[in-house]
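Worksheet: one structure, shown below.
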Amino acid sequence: MPERKTCKIGQWVQVHRIVLEAGHRAQGVPEDTAQVPMQMWVKGFAQYEATVGSQLTIVTAAGRRVTGELVAIHPGYEHGFGQPVPELLEVARELRQRYRNRKGAPDLD
């Protein structure tokens, strides 16, 4: 059986917690949303040693204390802005061209 990773006090970690179970979601949410729990993942500094899968209290960069299941040690950032929107790319090009065509406009390059 592989050894579980353990975080040390003060390490940057991520915890996971169920905020609301599926049966306790607000009445106005769509049906497919109502069928799953509301979850949160929060990053912060470990307040004590813990192994992945166990409960851990962290302090976030904003100073909040949050307790949840330790899911990652030294987590990275995995967010993105999605795929480019072709229409917006074209608008940007068109606006730059219009700007360049103005009399006395400084060079954007």
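Computed from the coordinates by the stated procedures, all read-outs in this text should not be read as laboratory data. All values reported here derive from a predicted model rather than from experimental measurement. A quick note on method: Cβ atoms are made from the backbone with ideal geometry, for glycine too, and the neighbour counts reach across all protein chains shown.
One residue is enough: does segment 86-94 have a residue meeting the conditions more than 18 Å from residue 8 (Cβ to Cβ), of a type in the set (Val, Ile, Thr) and out of contact with any strand residue (DSSP E or B) (no Cβ under 7 Å at 6 or more places or on another chain)?
Within segment 86-94, one or more residues are more than 18 Å from residue 8 (Cβ to Cβ), of a type in the set (Val, Ile, Thr) and out of contact with any strand residue (DSSP E or B) (no Cβ under 7 Å at 6 or more places or on another chain).
I need a count of the residues in segment 22-54 that are touching a residue at least 40 places away in the same chain (Cβ under 8 Å) and of a type in the set (Phe, Trp, Tyr).
Selection size over segment 22-54: 0.
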